[in-house]
Amino acid sequence: MPNTADENFKIIARNKRARFDYEISETLESGIILTGSEIKSVRNGKVSINEAFIGAMEGSDELFLFNASIELYNQASYNNHEPRRPRILLLHKSQRVRFFNAIQKKGMTIVPLTMYFNHKGILKLSIALARGKNVVDKRETLKKRDWALQKNRIIRNYNKG
């Protein structure tokens, strides 16, 4: 992801569950094809990628974003979009081939992490090549998170007194 200190950079949606459920190995920034009413709804913050996933349609060499919810735009009337339609991701062919090969050979999956406007005001989707965690790994993640919180509390209380 680019520099978040830029004033035009704005995160629209974040998939917090992805980093807990998956072990992220490689991230990539991709564009996404949207209609006019979809981009207006996204600019209003009416989007959710929590249940979204990335895959290919039968007979296509493109990657698609499935199950991402972009609410209807009220002022669009009859030109409105379908809220959960598949949306094409814009990637170079070499990137698509690398991700397809990883999915087929290594048993990995592609998950969306964040949707944001970059410094030029263009909508981007940060995607990741990931492997699912098992229950033991998830417990370990929870332990590390709890210990970090306790450690911060101890340090904060020690510095006060």
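Is it fair to say residue 104 is closer than 24 Å to residue 137 by Cβ, more than 18 Å from the chain's Cα centre (by Cα), of a type in the set (S, T, N, Q) and not in a loop (DSSP other than H, G, I, E, B)? In short, yes. Of the conditions (1) surrounded by 12 or more Cβ atoms within 10 Å (Cβ to Cβ); (2) charged (D, E, K, R); (3) not in a loop (DSSP other than H, G, I, E, B), residue 84 fails just one. Which one is it? The failed condition is (3). Between 20, 66, the distinction of being aromatic (Phe, Trp, Tyr) and farther than 22 Å from residue 90 by Cβ belongs to 20 only. Cβ separations smaller than 6 Å between residues 6+ apart or across chains give the following pairs from region 125-138 residues that are over 17 Å from residue 108 (Cα atoms) to residues that are of a type in the set (Val, Ile, Thr): 125/32. As for region 3-16, it holds at least one residue that is among the aliphatic types (A, V, I, L, M), more than 15 Å from residue 115 (Cβ to Cβ) and modelled with pLDDT under 85. Take the conditions over 29 Å from residue 139 (Cβ atoms), buried (at least 18 other Cβ atoms within 10 Å of the Cβ) and modelled with pLDDT of 85 or more and apply them to residue 113. Does it pass? Against the criterion (over 29 Å from residue 139 (Cβ atoms), buried (at least 18 other Cβ atoms within 10 Å of the Cβ) and modelled with pLDDT of 85 or more), residue 113 does not qualify.
Where in region 4-67 are there strands (runs of 3 or more DSSP E), lying fully within it, with 1 or more residues that are among the aliphatic types (A, V, I, L, M), over 27 Å from residue 79 (Cβ atoms) and in contact with a Ser or Thr (Cβ under 9 Å, 6 or more places away or on another chain)?
10-14, 22-32
Anything in region 78-107 that is within 20 Å of residue 50 (Cβ to Cβ) and either in contact with a Lys or Arg (Cβ under 7 Å, 6 or more places away or on another chain) or of a type outside the set (Lys, Arg) (or both)? List them, or say none.
So the first thing to find is which residues in region 78-107 are within 20 Å of residue 50 (Cβ to Cβ), and the list is 81-87, 89.
Within region 78-107, 81, 82, 83, 86, 89 meet the criteria.
Scanning region 121-141 for residues that are in contact with a helix residue (DSSP H, G or I) (Cβ under 9 Å, 6 or more places away or on another chain) and assigned to a helix (DSSP H, G or I), which turns out surrounded by the fewest Cβ atoms within 10 Å (Cβ to Cβ)? Going through the qualifying residues, I end up with 138.
The values are calculated or read from the model by the stated rules, or taken from the named source; none is laboratory data. What you see is a predicted model, and the numbers here were worked out from it, not measured in a lab. No Cβ is skipped: glycine too gets one built from the backbone with ideal geometry, and neighbour counts run over all protein chains shown.
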